[in-house]
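Take a look at the structure below.
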Amino acid sequence: MPFNLLKKYNDLLELTGLSPAQRKDSLMGVFNRDIVNNPSFQYKGKPIQPTPKDGEIPMSTLFTHLTTEVVDKKTRKREFDIHRSIRLHWVKHHVDENKKDNMLIFSVKETEGNRTYIYDEDEKYVIVLEPLRKINEYY
């Protein structure tokens, strides 16, 4: 499990041989290193905060969003997504703007509000950020 902490962009995390508990521990190690314990987790000078949800710990909500996908839109039920999870450590790499070539960055006004897309054309990988309305941060 600790070997996933050694992975760099564009390596993929190794999760397939792990039990669900080991997988979560491994992913939490990466998540805590790159996001929770990272005081400079920001994009273009704006801090990134998890989307707040009633009754939930915000970082738990963000971890769930980054490692699962919605399988039932009506109930908003989520299940583990291997494709998101094996790329968890890519979030920091892209938010820190370490990749300069073949990146497409743009903002769009959508029904939910303005969204900024950070798209890695080589890896076909996207991060979506929304600016908070009342303060100078993203979620």
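Have a look at Val36, Val30 and point out the one that is within 16 Å of the chain's Cα centre (by Cα), among the β-branched types (Val, Ile, Thr) and at pLDDT 95 or above. Break it down stepwise before answering.
On the way: Val36 fails: at pLDDT 95 or above.
From the options Val36, Val30, the qualifying one is Val30.
Listed conditions (1) open to solvent by 80 Å² or more (accessible area, probe 1.4 Å); (2) at positive phi are all met by Gly45, apart from (1). With respect to Gly29, is the statement that it is of a type outside the set (A, V, I, L, M, F, W, C) and open to solvent by 40 Å² or more (accessible area, probe 1.4 Å) true? Judged against the criteria, Gly29 is not a match. Remark: Glu123 falls outside the filter, which requires a residue to be under 17 Å from the mean Cα position of the chain (by Cα), under 23 Å from Thr16 (Cα atoms) and in a strand (DSSP E or B).
Only one of the numbered conditions (1) at pLDDT 95 or above; (2) part of a loop (DSSP other than H, G, I, E, B) is not met by Glu79, and that is (2).
Just the residues that are of a type in the set (S, T, N, Q), open to solvent by less than 20 Å² (accessible area, probe 1.4 Å) and modelled with pLDDT of 95 or more, please, taken from the range 82-121. It would help to see each step written out before you state the result.
Of all residues in the range 82-121, those of a type in the set (S, T, N, Q) come to 85, 98, 102, 107, 111, 114, 116.
Next cut, open to solvent by less than 20 Å² (accessible area, probe 1.4 Å) only: 85, 116.
Result: Ser85, single match.
The values are calculated or read from the model by the stated rules, or taken from the named source; none is laboratory data. No experiment lies behind these values; they were computed from the predicted model shown. Heads up: the accessible areas ignore ligands, DNA and RNA and are worked out on the full protein's heavy atoms, side chains in. Shrake-Rupley method; radii C 1.70, N 1.55, O 1.52, S 1.80 Å.
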